[in-house]
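Structure first, commentary second.
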Amino acid sequence: MQITYELTKQDFTEAYSAHRDRNPLSKWSRTLFIWIAGLFSGVVFLGFLFKPSTQVAKNLMPFFGLVIMWIAILWLLPRWTIGRQFVKQPGAHGTRALLLDASGALWRWNGGSSDVEWKNYIRSVEGKNQILFYTSPACFNILPKRAIATEQLAEIRNLLQQNIQTHK
């Protein structure tokens with residue numbers, strides 16, 4: 001089966017999210033951390049609102065500076081980095097083609113190609129809007145689901161299930 005598509009900046013962003021949340025522990029520990037930090041920050045802020053003073057405001061400035069820094073590190077920095085990676089990677093632009101068969105995957109893009117046998121894939125991850133094909137713990141190819149017909153998706157899932165370990 002052959003699939004032709006073009007990657008977008010959104011594909012890169014969503015693929016990073018799928019990669020980051022590829023196992024339940026990493027997904028839920030990050031979510032739990034954010035909720036606990038947000039709840040704690042809200043309680044501290046409400047405490048200040050009920051008993052405002054200049055001294056308390058001065059004491060809380062480092063805390064809220066830390067909260068702003070963590071928001072930037074956990075939310076803004078990854079999005080900015082991924083956007084830059086997409087823009088500055090020539091191979092990410094233009095038409096891409098993927099040929100899947102019994103032996104593996106043949107990827108073709110503007111300026112290159114890669115022929116990978118199934119035995120070289122260590123896992124695949126199916127995200128909400130894409131499928132990631134891993135050749136190492138952190139190196140993966142992106143296949144957007146928007147480029148796949150419904151009947152092809154079932155066939156791809158079957159191929160992945162037969163040939164490599166999949167994670168949803």
Filter result for Arg96 (in contact (Cβ under 8 Å) with a residue 60 or more places away in the chain, in a strand (DSSP E or B), surrounded by 11 or more Cβ atoms within 10 Å (Cβ to Cβ) and charged (D, E, K, R)) = yes
Are any residues in segment 124-168 small (Gly, Ala, Ser), within 20 Å of the chain's Cα centre (by Cα) and in a helix (DSSP H, G or I), and if so, which ones?
-> Ala147
Among the listed residues Val44, Val56, which satisfies the condition of being modelled with pLDDT of 80 or more, touching a helix residue (DSSP H, G or I) at 6+ places or on another chain (Cβ under 7 Å), of a type in the set (A, V, I, L, M) and not in a loop (DSSP other than H, G, I, E, B)?
-> Val44
Matching residues, segment 71-88, being farther than 17 Å from Phe33 by Cβ and of a type in the set (A, V, I, L, M, F, W, C) = Trp80, Ile82, Phe86, Val87
Residues of segment 70-123 being closer than 18 Å to Glu14 by Cα and over 20 Å from the mean Cα position of the chain (by Cα), which ones?
-> none
Matching entry among Gly47, Gly91 (being within 23 Å of Phe133 (Cβ to Cβ) and not basic (Lys, Arg)) = Gly91
Quick one: in segment 43-93, of everything that is among the β-branched types (Val, Ile, Thr) and farther than 30 Å from Asn141 by Cβ, which residue is surrounded by the most Cβ atoms within 10 Å (Cβ to Cβ)?
-> Val67
Taking segment 130-168 on its own, how many of its residues are within 15 Å of Leu7 (Cα to Cα) and exposed (fewer than 15 other Cβ atoms within 10 Å of the Cβ)?
-> 1
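The values are calculated or read from the model by the stated rules, or taken from the named source; none is laboratory data. Bear in mind the structure is a predicted one, so any value in this text is a computation, not a measurement. Note that each Cβ is placed from the backbone with ideal geometry, even for glycine, and that neighbours are counted across all protein chains shown.
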